[in-house]
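Engineer: What follows is a structure written as structure tokens; I'll ask about it next.
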Amino acid sequence: MAKKDLELFRTRRTVRKFTAEGISDETLTELLDAATLAPSRLDRRPLHYLVIRSDTIKTKVAEALRVRPYIEGAPVVIAVCADPVISPTWELDGSAAIENMLLAATALGLGGTWVGPRRNQLWERAVEVLHQVAGLPDNFRVVSLVSIGHPEGESRSYDPGEKLDATRIHYDHWDNLKL
Ligand SMILES: Cc1cc2nc3c(=O)[nH]c(=O)nc-3n(C[C@H](O)[C@H](O)[C@H](O)COP(=O)(O)O)c2cc1C
């Protein structure tokens, strides 16, 4: 990987406001291709992707979660779903896929929000909507939702080392820091 490719990690920012422009099938395939290339434990690949373009479903999910703009305002919301029987590490596998997808979106000039599960009834209700309205089978869990679209406005990229905190890096022994 060339050093300039590392800029992708600094450019990726959570995008919560989108223009009205849609996402083509070709672009969607590129995002899903990146997601499916992520590592998964024992290469079990427990994930499925529910691509939500329907405004009705987006609205129902947004109402359930009580977060409207970055779900209803996104042209595509992808529910990353998993069968936990296939792999007990489904949440970790799903997280790796989501990060790949967000980085691919950044590389394509898109942006998105990772909408993670809340350990509460709002999340349960949103998942229920996916079961009832989008036909998500009963045995599938939802790792997270990812809304993707064309960013409205510019986001600031991170500076090199901006979040790198030397007090959190321990060399061979917890007490051994390089401050
Ligand atoms: C597991 C997880 C769940 C998240 N859930 C939400 C969410 O529900 N709503 C939201 O606006 N952002 C959500 N985010 C995005 C974070 O708020 C965001 O990554 C963080 O503020 C850092 O900003 P950055 O992504 O621009 O670097 C989530 C991120 C992760 C990893």
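Engineer: Yes or no: the stretch 71-90 includes at least one residue that is farther than 29 Å from D159 by Cα, loosely packed, with under 14 Cβ neighbours inside 10 Å, of a type in the set (D, E) and without any contact (Cβ under 8 Å) to a residue 40 or more places away in the chain.
Structural biologist: There is no residue in the stretch 71-90 that is farther than 29 Å from D159 by Cα, loosely packed, with under 14 Cβ neighbours inside 10 Å, of a type in the set (D, E) and without any contact (Cβ under 8 Å) to a residue 40 or more places away in the chain.
Engineer: Any chance the stretch 3-16 includes a residue that's away from the ligand (no atom under 16 Å from the Cβ), assigned to a loop (DSSP other than H, G, I, E, B) and loosely packed, with under 15 Cβ neighbours inside 10 Å?
Structural biologist: Checking the stretch 3-16: not a single residue is away from the ligand (no atom under 16 Å from the Cβ), assigned to a loop (DSSP other than H, G, I, E, B) and loosely packed, with under 15 Cβ neighbours inside 10 Å.
Engineer: Taking V61 as meeting all but one of (1) at pLDDT below 95; (2) part of a helix (DSSP H, G or I); (3) within 21 Å of W123 (Cβ to Cβ), write down the number of the exception.
Structural biologist: Looking at each condition in turn, V61 falls short on (1).
Engineer: Only residues in the stretch 129-150 that are within 15 Å of D93 (Cβ to Cβ) count as the first member; pair them with residues that are part of a helix (DSSP H, G or I) and more than 16 Å from the ligand (Cβ to nearest atom), Cβ under 9 angstrom, at least 6 apart or cross-chain, and list the lot.
Structural biologist: F140/H131; V146/L31
Engineer: Now a separate question. Name the single residue that is nearest to the ligand (Cβ to nearest atom) among those in the stretch 126-179 being among the small types (G, A, S) and assigned to a loop (DSSP other than H, G, I, E, B).
Structural biologist: Checked the stretch 126-179; the qualifying residue nearest to the ligand (Cβ to nearest atom) is S155.
Engineer: Return yes or no: is S95 within 12 Å of the ligand (Cβ to nearest atom) and in a helix (DSSP H, G or I)?
Structural biologist: yes
Engineer: Related question: Being within 15 Å of the ligand (Cβ to nearest atom), surrounded by 18 or more Cβ atoms within 10 Å (Cβ to Cβ), over 17 Å from L110 (Cβ atoms) and free of Cβ contacts under 8 Å to residues at least 60 places away in the same chain, is that true of even one residue in the stretch 33-47?
Structural biologist: no
Engineer: Hey, could you check the stretch 113-125 for residues that are basic (K, R) and at pLDDT below 95 and say which is nearest to the ligand (Cβ to nearest atom)? Before the answer, list the steps.
Structural biologist: Looking only at the stretch 113-125, we keep the residues that are basic (K, R), and these are 118-119, 125.
Cutting the leftovers down to at pLDDT below 95 gives us 118-119.
On the way: R118: 7, R119: 12 Å.
By that ranking, first place goes to R118.
The values are calculated or read from the model by the stated rules, or taken from the named source; none is laboratory data. Because the structure is predicted, anything quoted here is derived from the model rather than measured. Every residue, glycine as well, gets a Cβ built from its backbone with ideal geometry; the counts of neighbours run over all protein chains shown.
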